[in-house]
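Some notes on the structure that comes next.
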Amino acid sequence: MSETALKAPGAAAPSGDANRWKALVFIALAQLMVVLDATIVNIALPSAQQDLGISDGNRQWVVTAYALAFGGLLLFGGRIADLWGRKRAFVLGLAGFAAASALGGAATTGAMMFGARALQGVFGALLAPAALSLLAVMFTDAKERAKAFGIYGAIAGGGGAVGLILGGFLTEYLDWRWTFFVNVPFAVVAAAGAYFVVREPEGGRNRSPLDVPGVILSTLGLVSLVYGFTRAESDGWGDAVTVSMFVASGVLLLAFALVESRVKAPLLPLRVVTDRNRGGIYLSLGLAIIGMFGLFLFLTYYLQVVKGYSPVKTGFAFLPMVAGMITGSTQIGTRLMTRVPARLLMGPGFLVAALGMLLLTQLEIDSSYGALLLPAMVLLGLGMGTAFMPAMSLATQGVEPRDAGVASAMVNTSQQVGGAIGTALLNTIAASATTSYITDHIAGVTAKPQAELVKLQAMVHGYTSAIWFAVGILALASLIAFTFVNAGRPGSTPVASGEGVEDELPVPVVAH
């Protein structure tokens, strides 16, 4: 048995990694920038559309171009990080993201904006897996890992809501272009810090030749899947192109799985996803994101359209959710992760979030923010923060260092695909319920104020109908976490060494 194999799980990390906490600051800053970008642009979209003369039919491409590039290239980005080295991929991803953001801020036409958003997605797909896999290989001590992933999980969960606040401020008091330009200083500081501070452990690269068929099949399959859901939202589930996208996605991803099981150096080694714990985490995280993404959209519209909140006030209204996520992730998750099995944090965490979502099914036009929305948001934040933290850590724990990039990419892929599904699925349910409500209640209404009231009531009815589905989806995520995730406390789990093999610990408890 090697010398490293004799070290206790709680032993101090090697002194060569002394800058790991400073590195965490820059990795977290980069993650915040990527997560912020997902929501900050939504608030700026109406102003940008007007300035650039983008039609209503084409405005979805500001969001879709980013989602397609980001979701489609994540696995490729994770493999490139394993091949080139995570630090190099991280810095290059930041530089590219900053350049694409500057291009978006300077856009003079719709086509230029769409191109900039696609480029942001390309470099985001390189940056996001590199950031998470750097944490995975730098923090191997159980207690330190819990703290590091607690901070990372809080940012991953709460950054979207912070984006709403920042987007509101920049759009209302400056100009929509600053929602793009603001990424540049974030990226420059994070890249400079990472260049001087990050020390990637030796021996963790995967220098196998690139699996080109796997890259092509996975990219086309994921792009088809994400586009299918975004098109379903605008054109309906029965649309011929929507259906053909889903069929193409199924065929391509099945072909991808067959190729990966046979090639010598696969893009996504099946051992990464067939592991019971990691498979359960990818699935439960994806489901949880489906519920959360739809909610962000509904509450933003509810607060602005129904309640008449300004963009800035709407952003601040989400702060209790951010506070709950930070508390759940850094206090509850971090403190308990080394003491209890991950499923006893993830399962109850998703249930607490489902309880918060259940409160929101009672939403009405005149609902009180303090009596209904505030407690619901706090419960959602606490639950998701508590569940996300061990999920992020366990998804990359025990993997061989050469697979850290693709394991991290799968976490991001489950979130990205979950976001696309959530937005399309819950929006479709809400729109259908709204239409039915108007059809049933508008007959005989002649006065304009009364008709406006019926429309608002229909909108809220649509939201609550979709939120009921979100409650069920979160409950299913909890059931999957309880059923599939059976790893013990992270301190007793095999931790990846820098030599390409798992350290041998006396009683490895990760089930395969």
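The values are calculated or read from the model by the stated rules, or taken from the named source; none is laboratory data. Worth saying up front: this structure is predicted, and the values here are computed from it rather than measured. Note that we place each Cβ from the backbone using ideal geometry, even for glycine, and neighbour counts take in every protein chain shown. Just so you know, the surface numbers come from the protein's heavy atoms only, side chains and all, with ligands and any DNA or RNA stripped out. Shrake-Rupley method; radii C 1.70, N 1.55, O 1.52, S 1.80 Å.
Using a 1.4 Å probe over the heavy atoms of the protein chains, calculate the carbon and sulfur portion of the accessible area of the chain as a whole percent. Kindly include the intermediate steps, with their values, before the conclusion.
Working: 13150 of 19800 Å².
Within the chain, the accessible surface is 66 percent carbon and sulfur.
Based on the alpha carbons, how large is the Rg to Rh ratio for the chain when Rh follows Kirkwood?
Working: Rg = 22.4 Å, Rh = 23.1 Å.
Over the Cα atoms of the chain, Rg/Rh equals 0.97.
If Rh is defined by the Kirkwood formula over all Cα pairs and Rg also comes from Cα, what ratio Rg/Rh do you get for the range 172-250? Kindly include the intermediate steps, with their values, before the conclusion.
Numbers: Rg = 20.6 Å, Rh = 17.1 Å.
Taking Rh as the inverse mean 1/r over Cα pairs, Rg/Rh reads 1.20.
Quick check for you: with a 1.4 Å probe and neighbouring chains kept, what is the accessible area per residue of the chain, in Å²? Mind dumping the intermediate values first?
On the way: 19800 Å² over 512 residues.
Using a 1.4 Å probe on heavy atoms only, each residue of the chain averages 39 Å².
Go through 123, 90, 169 and list them by solvent-accessible area, largest first, probe radius 1.4 Å. Intermediate values should be presented prior to the final figure.
Working: 123 55, 90 0, 169 80 Å².
So the residues, ranked largest to smallest area, are 169, 123, 90.
Roughly speaking, what is the centre-to-centre gap between the range 286-306 and the range 338-392 when only Cα atoms are used, to the nearest Å?
First find each Cα centre; the distance between them is then 14 Å.
Scanning the chain for trypsin sites (Lys or Arg not before Pro) in DSSP loops with at most 11 other Cβ atoms within 10 Å, what's the longest stretch left with none? Each step should come with its number before you reach the end.
On the way: sites that count: 207, 262, 264.
The answer is 265-512.
Pairs 22/143; 22/313; 307/448: which are spaced more than 22 Å apart, C-alpha to C-alpha? Could you put the intermediate results ahead of the total?
Values: 22/143 17 Å; 22/313 34 Å; 307/448 19 Å.
Long pairs (Cα-Cα over 22 Å): 22/313.
At 1.4 Å probe size, what's the solvent-accessible area of residue 179? Round to the nearest 10 Å².
0
If you average the C-alpha positions of the range 26-42 and of the range 89-112 separately, how far apart do those two centres end up, in angstrom?
14
For the range 170-309, take every pair of Cα atoms, bin their distances at 10 Å starting from 0, and report each bin as a whole percent.
Bins of 10 Å from zero give 9, 19, 28, 29, 13, 2 percent of pairs.
Per DSSP helix of 4 or more residues, -39500 (n - 2.57); summed, then divided by the residues of the chain. What does that give at 222 nm, rounded to the nearest 500? Can you show the working numbers first?
Working: 17 runs with 358 residues, N = 512.
Using -39500 (n - 2.57) per qualifying helix, the result is -24000 deg cm²/dmol.
At each listed q (0.12, 0.13, 0.17, 0.25 Å⁻¹), what is the log10 of I(q)/I(0) that the Debye formula gives for the range 235-324 modelled as equal alpha-carbon point scatterers?
Log-scaled intensity ratios, in q order: -0.70, -0.77, -0.93, -1.19.
Explain nothing, just the number: relative contact order of the chain, from Cα pairs under 8 Å at least 6 residues apart, as a whole percent.
On the way: 977 pairs, mean separation 117.5, N = 512.
After rounding, I find 23 percent.
How do 482, 229 rank by accessible surface area computed with a 1.4 Å probe, from largest to smallest?
Numbers: 482 85, 229 30 Å².
Largest to smallest exposure gives the sequence 482, 229.
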